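The values are calculated or read from the model by the stated rules, or taken from the named source; none is laboratory data. Not measured: the values here are computed from a predicted model. Positions of Cβ are backbone-derived with ideal geometry, glycine not excepted, and every protein chain shown enters the neighbour counts.
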Amino acid sequence: MTALPHEPTLPSEPGLAPDHVPTAGARAGELRAYGRMVRMLGRPVAQPDVSTRAPVLLVPGFLSGDVSLTLLARELRRAGLRTFRSDIGANVGCTEEMVERLVRRVEVVTGDEGRPVVLVGHSRGGMITALAARRRPDLVAGLVTLAAPITGSLSVAPHVRKQLELLFRLHERGLHRVLAADCVTGACATRVITELGTPFPSDVPFTSVYSRNDAILDWRTCLDPAADLVEVAAGHVGMTTDPQALRAVTRTVAATAAPGS
């Protein structure tokens, strides 16, 4: 895991940028990462006792659901960190709705735990956490995003673009709980880009973990100037399944959750 200087990001504008075309090696790495998900069937790890470290709320990526972060939750709990699910479902709804649902969930967890939480968001979940942290910094002890498009640009692999276009069609046909084109190419997208461009709260520690081997989205969309940047070798899915990446992410989250961080 290596912290790197900031690099130029893609232009921020509504809509999908040109397709991200990953290398064959990056695509193969993502397939291996998916294969590691079988380890989710392993033995659960009990919730640690309350400590001086902040609790952690995990937010999944697009079309994923909380189960996709099972391995990361276990690793964090082994490190003594209390973890909580986002309860936002498969993360396929309108961006505004997803952020509002997350903020309500953060309010519940912080109320129950009696302290602010560290938000950890993977992929689209990272974008949603970045928005939630801007809206309620009083409830957020820190933010760690994993392979998340947080600069306002969205450049994804062709198969992801097709998934998005399918959801757009389903929304047009009446399935209004899924993402509409407006959230990616219209007024909703413009509002999100504008908000992501506002200053991030200076008193909230913020780290963006990214990989140049990402075969799902262009890694440059993860390079938020407000964040400490950390690079790992594992690709997009590998952020939450690769053992080495999990250890690196756990160290980053643990440091963010430490008292006085």
- Checking W219 against (1) free of Cβ contacts under 8 Å to residues at least 40 places away in the same chain; (2) touching a Lys or Arg at 6+ places or on another chain (Cβ under 7 Å); (3) among the hydrophobic types (A, V, I, L, M, F, W, C), which single condition isn't satisfied? (1)
- Message: Please determine whether any residue of region 59-76 is in contact (Cβ under 8 Å) with a residue 40 or more places away in the chain, in a loop (DSSP other than H, G, I, E, B) and polar (S, T, N, Q).
- Response: yes
- Inside region 139-156, can you point out the residues that are at pLDDT 90 or above, polar (S, T, N, Q) and in a loop (DSSP other than H, G, I, E, B)? T151
- Taking region 104-135, which residues are within 17 Å of the chain's Cα centre (by Cα), of a type outside the set (A, V, I, L, M, F, W, C) and more than 11 Å from S86 (Cα to Cα)? H122, S123, R124, G126, R134, R135
- Just a yes or no: is a residue in region 143-165 buried (at least 16 other Cβ atoms within 10 Å of the Cβ) and free of Cβ contacts under 8 Å to residues at least 40 places away in the same chain? no
- Task: May I ask you to list the residues in region 233-249 that are closer than 23 Å to R53 by Cβ, crowded, with 18+ Cβ neighbours inside 10 Å and in contact with an Asp or Glu (Cβ under 8 Å, 6 or more places away or on another chain)?
- Result: L246, V249
- Please work out which residue is modelled with the highest pLDDT, limiting yourself to region 10-66 and to residues that are polar (S, T, N, Q) and surrounded by 12 or more Cβ atoms within 10 Å (Cβ to Cβ). Q47
- Of everything in region 83-97 that's over 15 Å from D66 (Cβ atoms) and more than 14 Å from the chain's Cα centre (by Cα), which residue is surrounded by the most Cβ atoms within 10 Å (Cβ to Cβ)? C94
- Those residues of region 172-216 which are touching an Asp or Glu at 6+ places or on another chain (Cβ under 9 Å) and either without any contact (Cβ under 8 Å) to a residue 40 or more places away in the chain or among the aromatic types (F, W, Y) (or both), in sequence order: A181, F200, F206, Y210, R212
- Message: Between T252, T207, which is within 17 Å of the chain's Cα centre (by Cα), β-branched (V, I, T), buried (at least 16 other Cβ atoms within 10 Å of the Cβ) and assigned to a helix (DSSP H, G or I)?
- Response: T252
- Task: Name every residue in region 79-138 that is at pLDDT 95 or above, among the polar types (S, T, N, Q), under 27 Å from V237 (Cβ atoms) and not in a loop (DSSP other than H, G, I, E, B), in order of residue number.
- Result: T83, T129
- Unique match (being more than 17 Å from the chain's Cα centre (by Cα) and not aromatic (F, W, Y)) among R173, R212: R173
